[in-house]
1. For Ser355, which sequence-distant residues (separation of 5 or more, or a different chain) have an amide H within less than 5 Å of its own amide H, given hydrogens modelled in the peptide plane?
2. Only helical DSSP H runs with n ≥ 4 go in: add -39500 (n - 2.57) per run for the chain, normalise by residue count and round the 222 nm mean residue ellipticity to 500 deg cm²/dmol.
3. So what's the chain giving for Rg/Rh, alpha carbon basis, Kirkwood Rh from the mean inverse pair distance?
4. Evaluate the relative contact order of region 141-234 (contact order divided by residue number), counting alpha-carbon pairs under 8 angstrom at least 6 apart; express in whole percent.
5. I need to check one value: relative contact order of region 102-169, counting alpha carbon pairs closer than 8 Å and at least 6 residues apart, in percent.
6. Using a 10 angstrom cutoff on alpha carbons, build the Gaussian network for the chain and name the most mobile of Val11, Val206, Val123.
7. Under 1.5 on a/c is rounded, so check that first for region 178-243, then, if it is not, pick prolate when a/b is larger than b/c and oblate when it is not; a ≥ b ≥ c are the square roots of the alpha carbon gyration tensor eigenvalues.
8. If I take R0 = 51 Å and measure r between the Cβ atoms of Thr24 and Asp323 in this structure, what FRET efficiency does the formula 1/(1 + (r/R0)^6) give, to the nearest 0.05?
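Values in this text are rule-based calculations from the coordinates and carry no lab data. Note that the structure is a prediction, hence the values are computed from the model and not measured. With ideal geometry, Cβ positions are generated from the backbone for all residues, glycine too; neighbour counts draw on all protein chains shown.
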Amino acid sequence: MATMRPPLYSVLPPLILGTATFNTQYHPDPAHMPYESIVRRALLRHKITAFDTSPYYGPSEILLGDALETINEPRSSYLLITKAGRIAADKFDYSPAAIRASVRRSLSRLRTPYLDLVYCHDVEFVTPDEVLAAVRELRRLRDEEGLLQYVGVSGYPVEVLASLADMILRETGEPIDAVMSYSHFCVQNTRLAGPELLRRFEDAGVECVLNASMLSMGLLTSRGVDAGPQAAWHPAPPELRSACHDLRTICEAEGERLERVSIQWSLDNWARVGARFGTTAIPVRSDTGLAPRTSRLGISVMGVTSEAELDETCETWRAIIGDPNDEAEVRRRQRITSLVEDKMWPSLGRWKDYSWQSGLSQGQSPPTRTAADGDCDDDDNAAPNKLTGKL
């Protein structure tokens with residue numbers, strides 16, 4: 001049943017609605033949040049044509065499936081992206097049988113005959129052999145049963161993602177279609193943009209590298225994670241939480257909101273820095289006269305809990321992809337860049353580019369160097385990588 005598929009970079013849109021927020025980790029009662037109106041507004045008003053979810057995100061798949069069935073747009077008008085392998089905070093099952101069951105359950109929950117892209121979820125928590133077995137099974141479901149179109153890996157430590165991409169190409173002769181990283185291209189942490197890392201993804205033949213969690217799961221918000229439901233589970237250490245919360249005062253002194261600055265900076269810069277792993281699809285499908293691009297734009301995944309947050313993010317995105325000669329937007333871009341680089345990064349000091357421990361790799365100690373000493377030691381560059389044995 002294997003069929004010819006267009007390149008993923010010609011299919012994915014540059015802005016995807018992530019629905020991890022349709023979950024008790026972000027909302028006390030997701031079934032009573034405006035999930036249907038968020039999805040409807042995203043698809044019909046803002047022309048966001050891809051939705052990212054996971055069985056690990058509580059009721060997210062069910063709520064997204066319900067919303068899309070209610071809206072009743074043709075299945076061909078949007079893409080569905082989900083994940084497999086992670087069951088609970090401390091439970092993973094990457095066995096072929098579990099991967100098959102997860103895909104079939106997602107099809108049922110999302111009320112769809114096929115999935116467009118399926119990631120192995122949080123790959124740093126299992127062994128490379130388990131990831132390889134899961135990728136092989138997903139590709140079998142793709143080729144023999146037609147249940148999905150593309151296969152990817154997602155996780156937090158960027159070095160692990162790069163090593164797995166290399167391993168998958170080496171062991172199977174076929175590159176992984178997509179890699180999704182979260183919290184690694186945001187105001188606090190820009191490791192995903194490292195030239196050597198991007199070269200490794202390129203050498204591994206990865207088609208698309210997606211940037212998720214521009215607000216680092218609530219870390220870069222005016223409220224901060226300690227004042228919300230994330231306080232109980234966010235992996236950031238207390239000092240990093242405090243350092244990020246202090247950025248709010250810096251933004252407010254400039255007449256800005258931390259959320260808007262963080263989203264604009266991340267969207268704008270990843271659209272360019274991530275372009276070689278981005279999309280040629282129409283930026284935002286609308287009647288504004290925007291034409292399909294022959295060059296590529298980096299792909300970002302946004303998460304929102306209200307229509308207002310959705311509108312603000314989409315408004316920011318439209319300004320970014322609008323007229324490059326718009327003097328007002330050029331001035332604003334320069335102003336945001338200066339605010340981030342000249343004030344916010346110095347304020348973060350040793351916590352700039354810090355990554356918390358995640359997965360099977362060795363633990364890390366909080367950074368002890370000063371801002372002048374450069375990047376903090378972390379999982380990505382302080383411990384030998386288990387896949388390569390190299391730093």
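1. Sorted by chain and number, the residues that satisfy this are Asp379.
2. Working: 12 runs with 142 residues, N = 391.
Calculated mean residue ellipticity at 222 nm is -11000 deg cm²/dmol.
3. 0.94
4. For region 141-234, the relative contact order is 26 percent.
5. 38
6. Val11
7. It is prolate, given that a/c is not under 1.5 and a/b is the larger ratio.
8. Numbers: r = 42 Å, r/R0 = 0.82.
That pair, Thr24 with Asp323, gives E of 0.75.
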